[in-house]
Amino acid sequence: MKKHHQVTELHFDGDCMVLTIDGREKTFRVSEISPALQNASDEEKNLFEISPSGYGIHWPLLDEDLSIDGLLGVAHRSEKKKTSLP
């Protein structure tokens, strides 16, 4: 399986979530990305799973999911299918 992203570190520092994504450290304000995480206890925030594909992060105690592309602001375009006329 091809990895979407390599996420090697995740921790919280005050109101910030700090991630190392593809070898680069990124900081996100929790208040801007997830009300569930903003209101979570330390125990709830620190129990997370990074998907094996590197696509996202899941917090099972909160039932919260964040995509790495969404955090990075990566937009995906769907390819339009070409149809042939009769």
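From the list Thr20, Thr27, which residue is open to solvent by 80 Å² or more (accessible area, probe 1.4 Å) and not in a loop (DSSP other than H, G, I, E, B)?
Numbers: Thr20 fails: open to solvent by 80 Å² or more (accessible area, probe 1.4 Å).
Testing whether each residue is open to solvent by 80 Å² or more (accessible area, probe 1.4 Å) and not in a loop (DSSP other than H, G, I, E, B) leaves just Thr27.
Conditions tested, residue by residue: (1) under 24 Å from Lys3 (Cα atoms); (2) in contact with a Cys (Cβ under 9 Å, 6 or more places away or on another chain); (3) at pLDDT below 95.
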| residue | (1), (2), (3) |
| --- | --- |
| Val18 | yes, no, no |
| Glu25 | yes, no, no |
| Ala36 | no, no, no |
| Glu44 | no, no, no |
| Leu47 | yes, no, no |
| Leu61 | no, no, no |
| Asp65 | yes, no, no |
| Val74 | yes, no, yes |
Candidates Gly70, Gly54 - the one that is under 12 Å from the mean Cα position of the chain (by Cα) and modelled with pLDDT under 90: Gly54
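The values are calculated or read from the model by the stated rules, or taken from the named source; none is laboratory data. All values reported here derive from a predicted model rather than from experimental measurement. Methodologically, a virtual Cβ is constructed for each residue, glycine included, from the backbone with ideal geometry; neighbour enumeration extends over all protein chains shown. Note: accessible area is taken over every heavy atom of the protein model, side chains too, but ligands, DNA and RNA are not part of it. Shrake-Rupley method; radii C 1.70, N 1.55, O 1.52, S 1.80 Å.
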